[in-house]
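Participant: Handing you a structure now.
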Amino acid sequence: MGTRLTMWEYAELQGVNRRDFLRFAGWIAAAAGIEASAIGKVVHAMDNKARLPVVWLHGQECTCCSESFIRSSHPIVSDIVLDKISLDYTETLMAAAGHQAEEALQNTMKKYKGEYLLLMEGSIPIEEDGVYCCIGGRTMIDIVKEAAEGAKAVIAWGSCASNGCIQASHPNPTGAKPIHKVISGKTIINVPGCPPIAEVMAGTVVHLLVFDRIPQLDGLNRPKSFYSRRVHDTCYRRPNYDAGLFVETFDDENARRGYCLYKMGCRGPVTYNACGAMRWNNGVSFPIQSGHGCIGCSEANFWDNGPFYQHLASFPGFGIESTADTVGVVVGAATVAGIAAHAISTNIRKRKVIREEMKGDLEQNPKGGA
């Protein structure tokens, strides 16, 4: 076919009826952080816009971002979203190999220059002229620079591409770098996480598909829809933190009661991600709900930020407290003070009542007789 199919036309060919397609449009709008009043725009765009050509590159990584995306428990993400984009090149999912694969990459970059979306998964090594990651006889540095030049937009999938992740941890022998430190002149959308949540990935892509522009980003170029709040802020264990109730060891009674995991090293208070709100496996759970503290995998240098099971020295967010220990002490002291205050106020009220009763008796019987 000479022209590219629109998203609706392609979905219709796959046997998707109009009702399911509209339901999908509403769901994906919500996933992308788009308000309900704009769902009509989402439907219009999917009805009329051609599928977006995509080049998905893999540098130094474990492919967990791809695994997260295609193995989402939500079938719409894994089965339909991939249909809404024209995945023209990806080393891990494409059927072609060798010269045919390289030809597909070159054809996409030439035919759709300025139109295709570049998705980068993995860090990029720069030591020894980039020889630590080569594909088709070329270094990843050269491939990325060429692909980014003609891309409509660039998305860095996961912490490897966003901030270097484990490959960039000390002593970083390959000189692993995130993509924003390798290319310039392009706005890069960072979607960190090891791996990112599948629905977060889908929502970011859909925003580009529908509105033809990048979503609103924070200071680290992360979509605000998904990275504007700390895991700590949306965690269901937060009330226990505020009350000074902490797990001391993973096998203690406090752990069984679901108390806060901060003292066990949880990085939720310093990690920005949607885990606590969106959760994983179709919204079933997330690490903290499963009993393990957040390791801060969506933040830069998380691998080098000290032992995972040792709580941080301090962080802002609870009045003027400096440590979790202080919070417990302050809350405990406040409780004791509250009990004492309650006792004092009770005694004062009782004395007042007694005085009033004595005064009443004297007025009724001034002489004190029977």
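Participant: Within the set of pairs 6+ apart or on separate chains, which have a first residue in segment 266-280 that is more than 24 Å from Leu245 (Cβ to Cβ), a second that is charged (D, E, K, R) and in a loop (DSSP other than H, G, I, E, B), and C-beta atoms under 7 Å apart?
Facilitator: The qualifying pairs are Tyr272/Arg229.
Participant: Would you confirm whether any residue within segment 205-222 is surrounded by fewer than 24 Cβ atoms within 10 Å (Cβ to Cβ) and of a type in the set (Gly, Ala, Ser)?
Facilitator: Yes, segment 205-222 has at least one match.
Participant: Please pick out the residue among Gly185, Gly219, Gly193 that is over 27 Å from Arg279 (Cα atoms), part of a loop (DSSP other than H, G, I, E, B) and assigned by TED's automatic domain parsing to the domain that holds Gly98.
Facilitator: Values: Gly219 fails: over 27 Å from Arg279 (Cα atoms); Gly193 fails: over 27 Å from Arg279 (Cα atoms).
Residue meeting the stated conditions: Gly185.
Participant: Kindly check whether there is at least one residue in segment 154-169 that is assigned by TED's automatic domain parsing to the domain that holds Ser66, within 17 Å of Tyr132 (Cα to Cα) and surrounded by fewer than 23 Cβ atoms within 10 Å (Cβ to Cβ). Before the answer, list the steps.
Facilitator: First pass over segment 154-169, keeping only residues assigned by TED's automatic domain parsing to the domain that holds Ser66: 154-169.
Imposing the further condition that a residue be within 17 Å of Tyr132 (Cα to Cα) reduces the set to 160-161, 164-169.
Pick out the ones that are also surrounded by fewer than 23 Cβ atoms within 10 Å (Cβ to Cβ) and you get 166, 169.
Within segment 154-169 (the criterion being assigned by TED's automatic domain parsing to the domain that holds Ser66, within 17 Å of Tyr132 (Cα to Cα) and surrounded by fewer than 23 Cβ atoms within 10 Å (Cβ to Cβ)), the answer is yes, since at least one residue qualifies.
Participant: Within segment 290-312, restricting attention to residues that are farther than 14 Å from Gly276 by Cβ, surrounded by 14 or more Cβ atoms within 10 Å (Cβ to Cβ) and polar (S, T, N, Q), which residue is modelled with the lowest pLDDT?
Facilitator: Asn305
Participant: Against the conditions (1) under 16 Å from Gly59 (Cβ atoms); (2) not in a strand (DSSP E or B); (3) not small (Gly, Ala, Ser), where does Pro171 fall short? Just the number, please.
Facilitator: All conditions are met except number (1).
Participant: Listed residues Ile214, Ile197; which is over 23 Å from Asn281 (Cβ atoms), modelled with pLDDT under 95, in contact with a helix residue (DSSP H, G or I) (Cβ under 7 Å, 6 or more places away or on another chain) and among the hydrophobic types (A, V, I, L, M, F, W, C)?
Facilitator: Working: Ile197 fails: over 23 Å from Asn281 (Cβ atoms).
Within the list Ile214, Ile197, the selection yields Ile214.
Participant: Further, regarding this structure: Among the candidates Asp251, Asp233, single out the residue that is in a helix (DSSP H, G or I) and surrounded by fewer than 22 Cβ atoms within 10 Å (Cβ to Cβ). Let's see the steps before the verdict.
Facilitator: Details: Asp251 fails: in a helix (DSSP H, G or I).
Sole residue among the options that is in a helix (DSSP H, G or I) and surrounded by fewer than 22 Cβ atoms within 10 Å (Cβ to Cβ): Asp233.
Participant: Among the residues of segment 300-308, is any within 30 Å of Trp27 (Cα to Cα) and part of a helix (DSSP H, G or I)? Please lay out each step first, then the result.
Facilitator: Residues of segment 300-308 within 30 Å of Trp27 (Cα to Cα): none.
No - not one qualifying residue is present in segment 300-308.
Participant: Can you spot a residue in segment 255-267 that is out of contact with any Gly (no Cβ under 9 Å at 6 or more places or on another chain) and among the aliphatic types (A, V, I, L, M)?
Facilitator: Scanning segment 255-267, I find no residue that is out of contact with any Gly (no Cβ under 9 Å at 6 or more places or on another chain) and among the aliphatic types (A, V, I, L, M), so the answer is no.
Participant: One residue is enough: does segment 171-190 have a residue meeting the conditions touching a Cys at 6+ places or on another chain (Cβ under 9 Å) and β-branched (Val, Ile, Thr)?
Facilitator: To start, the set of residues in segment 171-190 that are touching a Cys at 6+ places or on another chain (Cβ under 9 Å) comprises 174, 176, 178.
Retained after the next criterion (residues that are β-branched (Val, Ile, Thr)): 174.
Yes, because at least one residue in segment 171-190 is touching a Cys at 6+ places or on another chain (Cβ under 9 Å) and β-branched (Val, Ile, Thr).
Participant: Which one of the conditions (1) modelled with pLDDT of 85 or more; (2) in contact with a strand residue (DSSP E or B) (Cβ under 9 Å, 6 or more places away or on another chain); (3) among the charged types (D, E, K, R) does Glu103 fail to meet, given that it meets all the rest?
Facilitator: Only one criterion is unmet by Glu103, namely (2).
Participant: Inspect all residues belonging to segment 199-211 and state whether any of them is assigned by TED's automatic domain parsing to the domain that holds Thr63, assigned to a helix (DSSP H, G or I) and of a type in the set (Ser, Thr, Tyr). First the steps, then the outcome.
Facilitator: Taking segment 199-211 first, the residues assigned by TED's automatic domain parsing to the domain that holds Thr63 are 199-211.
Adding the requirement that they be assigned to a helix (DSSP H, G or I) leaves 199-211.
With of a type in the set (Ser, Thr, Tyr) added as a condition, the list becomes 204.
Yes - at least one qualifying residue is present in segment 199-211.
Each row is one residue, and each column tells you yes or no for (1) modelled with pLDDT of 95 or more; (2) buried (at least 18 other Cβ atoms within 10 Å of the Cβ); (3) closer than 23 Å to Trp157 by Cβ; (4) assigned by TED's automatic domain parsing to the domain that holds Ser159.
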{"position": "Arg237", "(1), (2), (3), (4)": "yes, yes, no, no"}
{"position": "Asp242", "(1), (2), (3), (4)": "no, no, no, no"}
{"position": "Cys260", "(1), (2), (3), (4)": "yes, yes, no, no"}
{"position": "Val270", "(1), (2), (3), (4)": "no, yes, yes, no"}
{"position": "Trp280", "(1), (2), (3), (4)": "no, yes, yes, no"}
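The values are calculated or read from the model by the stated rules, or taken from the named source; none is laboratory data. Note that the coordinates shown come from a computational prediction; the quantities given were computed from them, not determined experimentally. All Cβ positions, even for glycine, are placed from backbone atoms using ideal geometry, and neighbour counts span all protein chains on display.
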